[in-house]
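Notes follow the structure.
Nothing in this text is a laboratory measurement; each read-out follows from the coordinates by a stated rule. From a predicted model like this one, the values you see are computed outputs, not experimental measurements. Heads up, the Cβs are rebuilt from the backbone with ideal geometry, glycines too, and the neighbour counts pull from every protein chain shown.
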Amino acid sequence: MPLTNILEIELFDVWGIDFMGPFPNSFGNLYILVAVDYVSKWVEAIASPTNDAKVVTNFLKKNIFTRFGTPRAIISDEGSHFCNKLFEELLAKYGVKHRVATAYHPQTSGQAELSNREIKRMLEKMVNPSRKD
């Protein structure tokens, strides 16, 4: 049996990131941005009125980089909010690698997708379907 390297990552080294939504408007917010640490399964999420690159970069700086340190890599889908100049410049500035998951293959970014499913399940139980806001 050939020897293979064991991938060694530590807490908060690799994050999966994804948007959920759009949802019915709630206090001006339509989307939820979710980031999941691949080792600890720790979830960070924010509600947002838009799903653009500015929201992503501000979220990473405020909620990930300053609280957990700079990760080695971020895994996302090919959405325009993750594959753009602003996002790539931020990652380059901090030396973070960007790994893009295969389109139409959510298992590649499985940790983020699993967290999205759990968050959606919890929200469905907590929110009255006839609520206005």
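By the scheme Lys and Arg +1, Asp and Glu -1, what is the net charge of all other residues having a beta-carbon under 11 Å from that of TYR94? Before the final figure, lay out the partial values.
On the way: positive: LYS61, ARG72, LYS93, LYS97; negative: GLU89.
My count for the surroundings of TYR94 gives +3.
Output the pairs from LYS41/LYS93; LYS41/LYS85; LYS97/LYS120; LYS93/LYS120; LYS62/LYS97; LYS85/LYS120 with a Cα-Cα distance over 23 Å in this structure; if there are none, say none.
Pairs exceeding 23 Å: LYS41/LYS93; LYS41/LYS85; LYS97/LYS120; LYS93/LYS120; LYS85/LYS120.
Using only alpha carbon pairs under 8 Å that are at least six residues apart, calculate the relative contact order of region 14-105 and give it in whole percent. Before the final figure, lay out each step's value.
Details: 144 pairs, mean separation 23.4, N = 92.
Normalised by residue count, the contact order of region 14-105 is 25 percent.
Which of rounded, prolate, oblate describes region 1-95, given a ≥ b ≥ c as roots of the alpha-carbon gyration tensor eigenvalues and a/c under 1.5 marking rounded, otherwise prolate only if a/b is larger than b/c?
On the way: a/c = 2.05, a/b = 1.81, b/c = 1.13.
Judged from the Cα gyration tensor, region 1-95 comes out prolate (a/c at least 1.5, a/b above b/c).
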